[in-house]
Protein chains: 2
Amino acid sequence: MLGGREMRIGQLAQLVGIETQTIRFYEQQGLLSPPDRQENGYRSYTKMHGEQLTFIRRCRKLDLSLVEIHELLSYQKHPHQPCSAINSLLDDHISDVRTQITSLQALENQLVSLRASCSNEREIETCGVLAEISDPKIHS
Amino acid sequence: MLGGREMRIGQLAQLVGIETQTIRFYEQQGLLSPPDRQENGYRSYTKMHGEQLTFIRRCRKLDLSLVEIHELLSYQKHPHQPCSAINSLLDDHISDVRTQITSLQALENQLVSLRASCSNEREIETCGVLAEISDPKIHS
DNA sequence: AAAAACCATATAGTTACTATAAGGTCAATA
DNA sequence: TATTGACCTTATAGTAACTATATGGTTTTT
């Protein structure tokens with residue numbers, strides 16, 4: 001009998017460090033191959049499923065969306081094409097991340113300068129922060 | 001008659017630069033005071049509603065959550081308390097934003113170095129990016 | 001009178017899960 | 001043997017902050 005070391009969903013979850021529901025969710029989303037079932041209906045996973053899951057998780061840690069991961073997986077199924085598509089997916093993602101950083105930095109500046117408009121020793125009525133939000137001065 | 005310049009929802013929306021559904025949504029969430037109704041059931045807004053909405057929108061541009069905005073509004077209703085609560089809400093938010101920036105920068109570094117592992121002139125089979133995600137080298 | 005533009009409510013969709021409900025299966029214990 | 005506990009199953013709802021859609025009433029314009 002080939003395939004002696006099959007796992008149930010709980011074991012796979014522990015192996016990868018993820019919740020069982022998340023595994024079912026990925027299957028439902030078409031990201032993880034549907035496993036065989038035992039006679040009782042329990043899912044029966046192989047090492048391959050563990051690798052697929054790990055791939056997905058690594059992509060998620062890179063903040064790739066499930067749609068992007070889907071795209072990468074579909075590329076994997078057609079290995080004899082140029083990989084420029086993969087690289088441009090990544091380039092786009094990097095540029096997204098950079099845009100996010102830039103706008104968060106601008107936000108940080110706004111918040112810090114807003115914060116500077118009040119100390120803690122006032123009453124809410126005269127709070128500089130609230131006043132600034134309600135009625136901003138020129139320097140925005 | 002006091003209150004000669006009342007608006008319908010569409011006019012308010014245009015004034016603030018927002019969609020009508022968003023206005024109804026804020027009302028439903030308890031962020032915007034429910035307006036009077038005309039005889040036909042249409043909402044009838046005053047200048048005050050415009051100001052409330054502008055306040056909410058400014059907060060949202062600072063990326064404050066609706067819950068945080070709710071909190072700020074509740075402070076506004078009790079003006080004779082120390083405003084330290086407002087300031088610490090803001091401090092917490094600033095620290096959140098900084099955390100986000102830091103982790104996005106780390107992410108950017110990872111993505112850039114991942115991207116460096118492949119040029120566009122390969123086939124998917126030998127794509128360095130895919131290989132790295134599937135089976136990362138030490139330098140992570 | 002009919003069409004266009006506006007208003008109303010209720011409901012579903014978005015993302016990537018997480019949580020809950022209601023129930024079936026299995027191993028070990030009382 | 002009965003039952004407890006841990007595990008599994010599916011289906012459904014909740015999260016955040018809207019946005020979009022369906023369905024229908026009202027008002028204004030043509």
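The values are calculated or read from the model by the stated rules, or taken from the named source; none is laboratory data. Bear in mind that the values here come from a model prediction, so they are computed numbers and not experimental data. Quick reminder, even Gly has a Cβ in these numbers, built from the backbone with ideal geometry, and neighbours come from all protein chains shown. When the accessible area is computed, the model is the full protein with side chains, heavy atoms only, and any ligands, DNA or RNA have been set aside. Shrake-Rupley method; radii C 1.70, N 1.55, O 1.52, S 1.80 Å.
Residues in region A:50-57: is at least one within 15 Å of DNA strand D (Cβ to nearest atom), of a type outside the set (Val, Ile, Thr), exposed (fewer than 14 other Cβ atoms within 10 Å of the Cβ) and not assigned by TED's automatic domain parsing to the domain that holds A:Ser88?
No, region A:50-57 has no match at all.
Considering only region B:29-46, state which residues are more than 9 Å from DNA strand D (Cβ to nearest atom) and either open to solvent by less than 100 Å² (accessible area, probe 1.4 Å) or out of contact with any strand residue (DSSP E or B) (no Cβ under 9 Å at 6 or more places or on another chain) (or both).
Those that are more than 9 Å from DNA strand D (Cβ to nearest atom) and either open to solvent by less than 100 Å² (accessible area, probe 1.4 Å) or out of contact with any strand residue (DSSP E or B) (no Cβ under 9 Å at 6 or more places or on another chain) (or both): B:Gly30, B:Leu32, B:Ser33, B:Pro34, B:Pro35, B:Arg43, B:Ser44, B:Tyr45, B:Thr46.
Return a yes/no flag: does region A:19-27 have any residue that is part of a helix (DSSP H, G or I), among the hydroxyl-bearing types (Ser, Thr, Tyr) and either open to solvent by 80 Å² or more (accessible area, probe 1.4 Å) or touching a Gly at 6+ places or on another chain (Cβ under 7 Å) (or both).
Looking for residues that are part of a helix (DSSP H, G or I), among the hydroxyl-bearing types (Ser, Thr, Tyr) and either open to solvent by 80 Å² or more (accessible area, probe 1.4 Å) or touching a Gly at 6+ places or on another chain (Cβ under 7 Å) (or both), one finds at least one in region A:19-27, hence yes.
All but one of (1) among the acidic types (Asp, Glu); (2) at the interface with chain B (Cβ under 7 Å from one of its Cβ atoms); (3) over 29 Å from B:Ala106 (Cα atoms) hold for A:Glu121; state the number of the condition that does not hold.
(2)
Does region A:9-18 contain at least one residue that is more than 13 Å from DNA strand C (Cβ to nearest atom), more than 14 Å from every other protein chain (Cβ to nearest Cβ), under 28 Å from B:Glu108 (Cα atoms) and not β-branched (Val, Ile, Thr)?
Checked region A:9-18: at least one residue is more than 13 Å from DNA strand C (Cβ to nearest atom), more than 14 Å from every other protein chain (Cβ to nearest Cβ), under 28 Å from B:Glu108 (Cα atoms) and not β-branched (Val, Ile, Thr).
Could you tell me how many of the residues in region B:70-89 are in contact with a strand residue (DSSP E or B) (Cβ under 8 Å, 6 or more places away or on another chain) and in a loop (DSSP other than H, G, I, E, B)?
Total satisfying the criteria: 4.
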